[in-house]
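To start, the structure itself, in structure tokens.
Every number here is computed from the coordinates shown, using simple stated rules; none is lab data. Model, not experiment: these values are computed from the prediction. Don't worry about glycine lacking a Cβ; one is built from the backbone with ideal geometry, like all the others, and counts go over all protein chains shown.
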Amino acid sequence: MKYFTLFILISLALLVLAACGEPAPPLPPPEVQWVENPEAPTVTAPPPTVEINTPDEPDVEEQQAPPVFFFKIGDTVVDLNEDITYVINAAGEPIGVLELPSCAFEGMDRVFRYPGADLYTYPVGDDDFVYNIAFFDDSIRTAEGGIRLGSSLQAVLDAYGNDYSLDTGMYTFTRGLTVLEFLVDDDTVIGITYRFLVDI
């Protein structure tokens, strides 16, 4: 009877200790075989191998964006398919704006006139994007080759090479989704147009 009473008291004491947050004594993991010789060496498992997957570095060609034609208003670079708001914020207000209902898009087509060139835009929601730039005098030059109205055909070929298509005096150079066209008459440039190949 006294052993039973002692067992009850010990059990109660353990419950009180557990309730007070005292850690319970650790239990040996299952299937542990004890060795009688404490001098026996213990074998520790090697640390797990962690594989770090690093993406392959892209080729230099993949890092470079495809070449495109671009236009400049003063020091401001204007990319084709650029939001006209960026152009206005960077280059200042245009000389004038012409607008008319778009026959290909919902909204208004607009023409923003800057010194020497007209920037034609197409609407996407409330925004306008540049898809066509046409020179109207010889006060400006192309950003890449320095060609202006009145330049010679040879100057165009020297600047842009021979990779062009020719149709009725129009020399068309293509880079990605951008096009640069030179209308030539009597070996003289009489028209210059940048175009973005809009998917209508």
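Counting neighbouring Cβ atoms within 10 Å and putting the fewest first, the residues 99, 82 line up as 99, 82.
Any idea which of 103, 197, 74 is furthest toward the positive side of the dipole for segment 56-200, if Lys and Arg beta-carbons carry +1 and Asp and Glu beta-carbons -1? Going by the charge dipole, the pick is 74. Panel order for 139, 102, by other beta carbons found within 10 Å of each beta carbon, from fewest to most: 139, 102. The mean sequence separation of alpha-carbon pairs under 8 Å and at least six residues apart, normalised by the residue count of segment 63-196, gives a relative contact order of 22 percent. Around the Cα centre of segment 63-196, unit charges on the Cβ atoms of Lys, Arg, Asp and Glu (plus for the first two, minus for the last two) sum to a dipole of about 220 debye.
Residue exposure proxy: 71, 136, ordered by other Cβ atoms within 10 angstrom of their Cβ from fewest to most, comes out as 136, 71.
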